[in-house]
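The values are calculated or read from the model by the stated rules, or taken from the named source; none is laboratory data. All values reported here derive from a predicted model rather than from experimental measurement. Every residue, glycine as well, gets a Cβ built from its backbone with ideal geometry; the counts of neighbours run over all protein chains shown. For the accessible areas, the whole protein counts, side chains as well, though only heavy atoms, and no ligand, DNA or RNA atoms are used. Shrake-Rupley method; radii C 1.70, N 1.55, O 1.52, S 1.80 Å.
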Amino acid sequence: MKKQITLIIILCAMTYTVMSSPVDMMIGARGYGMGGAYVAVADDPSAAYWNPSRLSYVERMSIMDCNWILQDVEGMNVNYVNVAVPIKYAGTIAGSWLLNHATLEHGELDSDGNVSMVSNPANEHTFSLSLGRKLWDELLILRNTSLGFSINRYAFNTEEENGAGLGFDLGISTEFPYGFSIGFTARTLGAEVMGYKIDPEFRLGIGYTTTINEMHRISVGVDGTNKLNRDYESIATLEPARVNIKGFGGIEYALLFDEQNIEIAVRGGGNGMALHNTLKNYTFTGGAGFKWLGYSVQYAFVGATDRDAALGYGHRIALTIQLDKLYPGQKKLFKETAQKEE
C-alpha cells in the first residue's frame with residue numbers, strides 16, 4: 001500500500017512538472033540504452049528531440065516509432081512518432097508527436113470517513129517541427145558543423161483543465177579529428193504553458209566514435225545537463241530544486257557487415273552521476289539493436305537504485321524505417337550503387 005501511494009504521488013508530481021518543467025523522456029532506444037548520453041552522438045530521427053542539429057546526419061527519408069513500457073506502473077504510456085525528410089540545400093526537416101498519458105489517482109473522503117480512490121486521465125502532447133542543416137564539411141579543425149532548431153507546441157488536458165503553449169529548442173554540433181564530437185542543446189526556450197513559464201534546459205555532450213578494421217565500431221558519450229526545477233528535494237512536498245546538474249554516460253559496440261549492410265549493436269550506460277542533483281536516484285541502462293538495409297529495431301531497458309523515484313523498471317522499443325527502401329526495385333538499385341562505388 002505504501003509503495004502504491006508513493007507511485008501515485010510521483011505521478012501527480014509528473015503532472016505538476018508539465019506546467020513547470022517537462023520530464024526528460026530521453027526519446028528513442030539507442031540514446032536511452034546509452035544512459036542518455038546522446039547529444040553529440042545522435043544520428044537517427046530522434047535527434048529532433050536530443051539535438052536538432054544532428055538531424056543533418058539523417059540522409060534518407062525515415063520514420064520512427066518508439067514506445068516506452070513501464071513494467072511496474074499501470075496507467076502510464078509514452079509514445080513518439082517522427083518523420084524526417086532530407087531536402088537538398090535546406091537540410092533535414094522532421095515532424096514529431098510525443099504523447100505522455102497517465103492515469104492519476106487521488107483519495108476522496110466520504111461522509112463516513114472512508115477513503116475511495118478516484119482516477120483522472122491526463123495527456124500531454126508535444127508537436128514539434130525541426131530542422132537540422134550542415135554549415136560546412138571542414139573549417140580548420142571543425143568538421144561537419146551543423147545548426148538546428150525546433151518549434152514545439154505543447155498541449156495538456158485532464159477532465160478538469162486544458163491548456164497549451166509554445167517553445168523552441170536550439171542545437172549545434174561539430175566533429176573534430178580522431179573521432180571526437182561535441183553537441184550542445186538549449187531546450188524549452190521561451191516556453192510557457194497555461195501561464196506557467198517552463199525553465200530552459202542546457203545540455204552539453206561529448207562523443208567519441210572509432211571503427212576498427214571496418215567491422216568494429218565503438219561509440220562513447222558523456223553528457224551533462226543543468227535545469228531548474230527538474231527534480232524535487234521532496235516528492236511529497238514538491239519543494240523545487242534551484243540547481244540540478246545531472247550527468248549521463250554510455251558506450252556502444254557495433255559489429256558491422258558492410259557487404260550485407262547489417263549492423264548488430266549492444267550498449268549500456270547510466271545517469272545521475274552529478275555534482276549536485278537533489279533527487280538522489282541513479283539509473284543504469286542497457287540495450288541492443290539490429291539494422292538491415294533501411295530497417296532498424298532497437299531495444300533498451302532501465303533500472304534504478306530508487307525504483308519508486310524512477311517509476312520502476314522501464315523498457316523501450318523503437319522501429320525506424322527508411323521510406324525509400326519500400327518501393328520495388330530498391331534492392332537492385334542498392335546493389336548497383338554499391339558496385340559503382342567499388
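For the structure I just gave you, tell me whether Asn120 is more than 25 Å from the chain's Cα centre (by Cα) and among the polar types (S, T, N, Q).
yes
Report every pair of residues separated by at least 6 positions or lying on different chains whose Cβ atoms are under 7 Å apart, first residue within the range 154-171 and closer than 18 Å to Ala186 by Cα, second open to solvent by 50 Å² or more (accessible area, probe 1.4 Å) and among the small types (Gly, Ala, Ser).
Gly167/Gly190; Phe168/Gly190
Output the number of the condition that Ala13 fails; it satisfies all remaining conditions of (1) modelled with pLDDT of 95 or more; (2) in a helix (DSSP H, G or I); (3) among the small types (Gly, Ala, Ser).
Failed condition: (1).
Tell me which residues, restricted to the range 88-108, are modelled with pLDDT under 95, open to solvent by 30 Å² or more (accessible area, probe 1.4 Å) and not aromatic (Phe, Trp, Tyr).
Correct list: Lys88, Ala90, Leu99, His101, Thr103, Glu105, His106, Gly107, Glu108.
Go through the range 203-216 and report how many residues are of a type outside the set (Val, Ile, Thr), touching a residue at least 12 places away in the same chain (Cβ under 8 Å) and either surrounded by fewer than 17 Cβ atoms within 10 Å (Cβ to Cβ) or over 22 Å from Thr145 (Cβ atoms) (or both).
Looking only at that region, the number is 4.
Results for (1) over 23 Å from Phe176 (Cα atoms); (2) under 14 Å from the mean Cα position of the chain (by Cα); (3) not aromatic (Phe, Trp, Tyr), shown as yes or no for each residue.
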position	(1), (2), (3)
Ala42	no, yes, yes
Ser53	no, no, yes
Tyr57	no, no, no
Ser62	yes, no, yes
Thr92	no, no, yes
Ser96	yes, yes, yes
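Would you pick out the residues in the range 250-269 that are in contact with a helix residue (DSSP H, G or I) (Cβ under 9 Å, 6 or more places away or on another chain) and in a strand (DSSP E or B)?
Listed by number, the residues that qualify are Gly250, Glu252, Ala265, Val266, Arg267, Gly268, Gly269.
So is Glu233 modelled with pLDDT of 85 or more, among the acidic types (Asp, Glu) and in a strand (DSSP E or B) or not?
no
Give me the residue from the range 146-202 that is open to solvent by less than 70 Å² (accessible area, probe 1.4 Å) and part of a loop (DSSP other than H, G, I, E, B) and, out of that set, farthest from Glu124 (Cα to Cα).
Among residues in the range 146-202 that are open to solvent by less than 70 Å² (accessible area, probe 1.4 Å) and part of a loop (DSSP other than H, G, I, E, B), the one farthest from Glu124 (Cα to Cα) is Phe176.
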